[in-house]
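The values are calculated or read from the model by the stated rules, or taken from the named source; none is laboratory data. Note that the coordinates shown come from a computational prediction; the quantities given were computed from them, not determined experimentally. Here the Cβ is made from the backbone with ideal geometry for all residues, glycine too, and neighbour counts use every protein chain on show.
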Amino acid sequence: MNCSGRRSASLVLALFAAFSSWSGQGISPNVALAIYSRTTNQFAAGIFLKPAQATNAGLACQLAPRTIQQVPDGPLSADASRDQFGAPGISNGVPALNPSRPAVYWAADTVPLNGRVHVRLSWQWWYPPRPSSSYVAATLPRQGVRITLDSQGRPAIWEILADTSGRQLVFISGSLEAAAAAEFGKPLAGRQYSIERSLEEAPDVIVPRVIDDGPMADGPIVYLGEGTRNVCALICRCMPAQVKQLAATRTFDLIPLDAGAMNALQAAAGADLNALPAVWPGDRRSNNHLGTRLRLPAKF
C-alpha cells in the first residue's frame with residue numbers, strides 16, 4: 001500500500017458508498033472514515049523512538065514497534081514533550097512519570113486459533129496520568145501494540161491497545177488478507193477487507209489498513225498522533241515513510257512485563273492509571289477473541 005492521492009480518493013468514495021451499511025448498524029460513518037483516512041496522513045515532523053541496544057531482548061526487540069510521535073513543525077518546544085511516554089514511578093509519594101527514561105513493557109504468550117497455537121507478543125507504554133489543560137480532551141494514558149504470528153512464525157496481525165474513537169483497530173498483513181480473500185471472497189457490506197467480519201458480528205472492529213509483507217520479520221513503524229496519541233498509521237519498515245522530517249531520535253528501554261513489573265506499575269499508577277487488572281483489554285472475556293473479530297482463514 002502507498003500513500004498516493006489516487007488511493008485516498010478511491011478509499012473515500014468506497015467509504016461513502018458504505019454509508020447505508022454503517023447507518024443500519026448505528027455506526028457513525030464519519031468515525032470510520034476518519035480512521036481509514038488517517039492511515040495515509042503525512043506528518044510534517046516527528047520524534048523517532050527505538051529500543052536501546054542495551055535492552056535488546058531477542059525477538060521482543062526485533063519485533064518491537066518503532067514509534068514516530070507527531071510534533072509541531074519547527075524547533076522543538078516544551079509542548080513537544082506532552083506526548084512523551086516514560087517510566088511510571090513514585091515521586092515524593094505521588095504517582096509520577098519519568099519522561100527522561102522512556103520505557104516500553106513487553107510480554108509474550110500463546111493463543112489457540114484454528115486448532116493451532118500461535119505466538120503473541122505485546123508492547124505497552126504509559127503517558128502522564130493527569131494531562132494538563134493544554135491537552136485535547138480525549139487523550140490516552142496507555143498505548144500499545146500486540147502482534148500475533150501466523151503458522152509460519154511471521155507477524156500477521158497487529159492489534160492496537162487503545163483509540164479515542166472507542167473502536168478496536170486491527171492491522172493485518174497482505175498475505176493474511178490474500179488468504180482470507182481466497183477463502184471467503186470479497187469484503188462484506190460496509191467493509192474494506194475480506195478478513196473483516198460483518199458489521200453485525202463485529203461492529204466495533206475496524207481493519208484500517210493491510211500491511212505489506214516485508215522481506216524479513218521486523219517490528220512495525222507506528223505513527224502516533226499529536227495530542228490524541230492515537231495510532232494514525234502502522235506500516236512495515238519496507239513501506240514509504242510518512243513523516244517529512246525527524247525532529248529528534250531517542251531510545252527507550254524494553255522491560256519485561258512480568259509479575260514484578262506489574263506490581264511496581266500498579267503501585268506507581270495508583271488510582272490514576274488503574275487499568276492494569278488485564279494485561280490487555282478484552283483478555284478477561286476471551287483469550288482467543290481474534291477468532292470472533294476477524295474471518296481467519298483455515299491456513300492461518
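Where the second residue is modelled with pLDDT under 60 and the first is surrounded by 13 or more Cβ atoms within 10 Å (Cβ to Cβ) and lies in the range 278-300, which pairs have Cβ atoms under 7 Å and are six or more apart or on separate chains?
Taking only residues 6 or more apart or on different chains, the pairs are His289/Gly282.
Of the residues Leu224, Leu246, Leu273, Leu254, which is over 20 Å from the mean Cα position of the chain (by Cα) and either modelled with pLDDT of 90 or more or not small (Gly, Ala, Ser) (or both)?
Numbers: Leu224 fails: over 20 Å from the mean Cα position of the chain (by Cα); Leu273 fails: over 20 Å from the mean Cα position of the chain (by Cα); Leu254 fails: over 20 Å from the mean Cα position of the chain (by Cα).
After ruling out the rest, the residue left standing is Leu246.
Among the residues of the range 138-175, which ones are assigned to a loop (DSSP other than H, G, I, E, B) and touching a helix residue (DSSP H, G or I) at 6+ places or on another chain (Cβ under 8 Å)? Steps first, answer last, please.
Going through the range 138-175, the residues assigned to a loop (DSSP other than H, G, I, E, B) turn out to be 138-141, 150-154, 161-167.
Across the range 138-175, the qualifying residues are Asp150, Arg154, Asp163, Ser165, Arg167.
Hey, which of the strands (runs of 3 or more DSSP E) in the range 200-267, taking only ones fully inside, have at least 2 residues that are not aliphatic (A, V, I, L, M)?
Numbers: elements: 221-224, 231-235, 246-256.
Correct list: 246-256.
Collect the residues in the range 246-264 that are exposed (fewer than 14 other Cβ atoms within 10 Å of the Cβ) and either in contact with a Pro (Cβ under 6 Å, 6 or more places away or on another chain) or among the acidic types (Asp, Glu) (or both), keeping them in residue-number order.
Asp258
Just the residues that are closer than 18 Å to Ala34 by Cα, buried (at least 20 other Cβ atoms within 10 Å of the Cβ) and either of a type in the set (S, T, N, Q) or touching a Gly at 6+ places or on another chain (Cβ under 8 Å) (or both), please, taken from the range 194-209.
The one that is closer than 18 Å to Ala34 by Cα, buried (at least 20 other Cβ atoms within 10 Å of the Cβ) and either of a type in the set (S, T, N, Q) or touching a Gly at 6+ places or on another chain (Cβ under 8 Å) (or both): Leu199.
Could you list, in sequence order, the residues of the range 56-101 that are modelled with pLDDT of 90 or more and either in contact with a His (Cβ under 6 Å, 6 or more places away or on another chain) or part of a strand (DSSP E or B) (or both)?
Passing the criteria: Arg66, Thr67, Ile68, Gln69, Gln70.
Can we say Ala162 is modelled with pLDDT under 95, among the aliphatic types (A, V, I, L, M) and in contact with a Leu (Cβ under 6 Å, 6 or more places away or on another chain)?
Details: modelled with pLDDT under 95: yes; among the aliphatic types (A, V, I, L, M): yes; in contact with a Leu (Cβ under 6 Å, 6 or more places away or on another chain): yes.
So Ala162 passes the test.
Taking the range 160-180 on its own, how many of its residues are buried (at least 16 other Cβ atoms within 10 Å of the Cβ) and without any contact (Cβ under 8 Å) to a residue 40 or more places away in the chain?
At the first step, the residues of the range 160-180 found to be buried (at least 16 other Cβ atoms within 10 Å of the Cβ) are 160-163, 165, 167-173, 175-177, 179-180.
After this cut, where a residue has to be without any contact (Cβ under 8 Å) to a residue 40 or more places away in the chain as well, the list is 175, 177.
The total comes to 2.
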